[in-house]
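The values are calculated or read from the model by the stated rules, or taken from the named source; none is laboratory data. Model, not experiment: these values are computed from the prediction. Heads up, the Cβs are rebuilt from the backbone with ideal geometry, glycines too, and the neighbour counts pull from every protein chain shown.
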Amino acid sequence: MNWNEKLQTILDYVEEHLQRREEPINKNEIAEMAGCSYALFQKIFAYMNEISFAEYVRNRKLTLAGYDLKSSNIKVIELSYKYGYDSPTSFTKAFQQFHGVTPKAARMMDAQLKIYPKMSFTKASTIAWRLEKKSAFRLIGKSLKLRAEDEQNYQLIPAFWNQCQQDGTTFQLMQKSEGNPPGIFGLFDQYDEHSISYKIMSASNAALQADWCEVTLPAQTWAVFDCYGTQPDAIQRGWDFLHNEWLVKYPFKHEDCPELEWYSEGNVYSKDYLSQIWIPIIEEE
């Protein structure tokens, strides 16, 4: 078993103990899986990932604690002992240092929490997420009908974006956008039993043009994930993270509403360009 395989086994072990068993991580078991002393494993882990193993585990604990606070009514004292802290005071201090807010403030709707994803042999990147309540809003734009589960969709959708850019549709949509800040949405919608549609739209109450359509989304709570970087790489990394980690843990029930991609104004080839993924969720009463 090579080091990457050993590391993956250990990372899976960490997640199993933090999320499912809720048991302390055993140094002797780590050493046995690594095939070396625990001290040597820590050195190799830090060298390969540019972060210490202890810091990685601590970041994962505080990420998961943020999920728990947002998605349940668990008490802070219960949460502190769940993730191995000696007292609620020490947990609160660590939580605030990591997320920038106290556990009490983290329960607020507009509180933005930090995410440290599960590693996969390389240095993990941070992704910010938050819950946002939105009033009902109307989207207008163009729609492309697609066959469900067709691999050609991966080529057809980028071609649809290129077409809308070339014929001026994206420019018009951005001009008509009443969002704050303005932007353009991409979303999948069910067309019929065998087909889906992909839409490029903006939030607007403007009149429809001849070949445009509209969708009205109800008042809704969204989990919003910020994706910074050049397109389409940044948004693809965001979806990879959601599918490989967030949706696996998934602390919220999914609302019957389309998932959205949102693209801001600006240079899509800039490393600072902002796009977002919006996941509709049902809040726990």
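Name the single residue, out of those in region 191-235 being assigned to a strand (DSSP E or B) and of a type in the set (A, V, I, L, M), that is farthest from Lys133 (Cα to Cα).
Step one: list which residues in region 191-235 are assigned to a strand (DSSP E or B), which gives 191-192, 195-203, 213-217, 220-228.
When the remaining residues are screened for being of a type in the set (A, V, I, L, M), the result is 196, 200-201, 203, 215, 217, 223-224.
Details: Ile196: 27, Ile200: 22, Met201: 20, Ala203: 16, Val215: 18, Leu217: 12, Ala223: 9, Val224: 10 Å.
Selected residue: Ile196.
State all residues of region 15-33 that are assigned to a helix (DSSP H, G or I) and either farther than 26 Å from Tyr85 by Cβ or touching a residue at least 60 places away in the same chain (Cβ under 8 Å) (or both); if no residue qualifies, say none.
At the first step, the residues of region 15-33 found to be assigned to a helix (DSSP H, G or I) are 15-21, 27-33.
Selection gives Glu15, Leu18, Gln19, Glu32.
Quick check, is Tyr85 within 27 Å of the chain's Cα centre (by Cα), outside the structural domain of Trp246 (by TED's automatic domain parsing) and either without any contact (Cβ under 8 Å) to a residue 24 or more places away in the chain or farther than 16 Å from Lys118 by Cβ (or both)?
Yes: the conditions hold for Tyr85.
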